[in-house]
1. Quote the convex hull volume per residue of the chain, based on C-alpha atoms, as a whole number of Å³.
2. What is the spin-label model distance, in nm, from Asp73 to Ser124 if the labels are put 7 Å beyond Cα along the C-beta direction?
3. Beyond 16 Å, how much of the Cα-Cα pair distribution for segment 1-116 remains, as a whole percent?
4. Take each of the peptides 255-261, 105-111, average the number of other beta-carbon atoms within 10 Å over its residues, and list them starting from the highest.
5. Return a whole-number percent for the relative contact order of the chain, with Cα pairs under 8 Å and 6 or more residues apart as the contact set.
6. So how far, in whole Å, is the C-alpha centre of segment 212-249 from the one of segment 51-69?
7. Restricting attention to the alpha-carbon atoms of segment 201-297, what are Rg (one decimal) and Dmax (integer), both in Å?
8. So for Val194, Val91, Val228, what's the accessible-area order with a 1.4 Å probe, most first?
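The values are calculated or read from the model by the stated rules, or taken from the named source; none is laboratory data. Keep in mind the model is a prediction, meaning the values are calculated, not measured. Don't worry about glycine lacking a Cβ; one is built from the backbone with ideal geometry, like all the others, and counts go over all protein chains shown. When the accessible area is computed, the model is the full protein with side chains, heavy atoms only, and any ligands, DNA or RNA have been set aside. Shrake-Rupley method; radii C 1.70, N 1.55, O 1.52, S 1.80 Å.
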Amino acid sequence: MEKIDLIMKNFIAELGYEPANAMFARINSGKKLRSKLLLKIAGESEQSLKICAIIELIHLASLLHDDVIDDADTRRGSPSINASFGTKNAVMLGDILYSKGFYELSKFPHEIAGEISGAVSKLSVGEMMDVDLSAKFNEDKSAYETMIYYKTAVLIEAAAAVGAMLAGLEVSNFKIYGKNLGLAFQIIDDILDVTQDAATLGKPNFSDFKEGKTTLPYIYLYESLSEVDKEKLKSLFKKDLSETERGWVRAKMNETGAIKKSIEAAKNLGEQAIKSVEKFNVDGLESIVKSMIDREF
């Protein structure tokens, strides 16, 4: 992962603008799930590491824009770029990362460039879907699933597909793996926003609901509540919840089994992911799924 960080740093340094370098140096590049997945499938080479760096640049750009949209003060336990340098700089840095990523991507064969650029187009649509769904309390599970596929899973799906291209493996199977892994990843992230504390998350808990995101646990909860409690849940939407209100939501989540059902949904997706690639015997793909899902909630 250090090699990927160095490639990204050099990509930005090549642009020759020190303020961009300084802002980029303040970004926590994260766990790099997409890169780890690609390297598990394709192995380490100059080509695969550069593709990983491109994917991570694009992912970081989407997070910079996401934080601006959500007016987020923190990201991965540190002040967000928009909080530290202002909204305009965060947007422009995101544009720089996107642009440099696409420039470097243009040097690769069209199959690889097409897979990643197509995913990024969907990723941008997913951001718009997320904003649209945040306008009101969303009861539609299929709309949520479509949004998280576009916003989160498509880039993980593309990383798996490109890994398969580089390794000469069946791309369609690995796309199924990546898609289901991405969907499960987002559902788990949505669950943790309810079940974990701010110190563990690196951001305030219950922030999803405050930002207008009706995630799967809330959809399952809503389906199981009485009419009176449904109205109460809706009244809390986009609010900065008190400890009493958070306690009520958690209690109802446990009482209705909403968290348990959400975990089961993620596990089912994980099982589908593993099954899609089991015949290729690629070491580590099963452990990626299990390490993400088999945890304390």
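1. Taking only Cα atoms, the chain has a hull volume of 121 Å³ per residue.
2. Result for the modelled spin labels: 3.2 nm.
3. Here the tail beyond 16 Å accounts for 58 percent of pairs.
4. Taking the mean over residues of other Cβ atoms within 10 Å, the ranking is 255-261, 105-111.
5. Across the chain, relative contact order equals 18 percent.
6. 30
7. According to the Cα coordinates of segment 201-297, Rg and Dmax are 16.7, 51 Å.
8. Descending accessible area places them as Val228, Val91, Val194.
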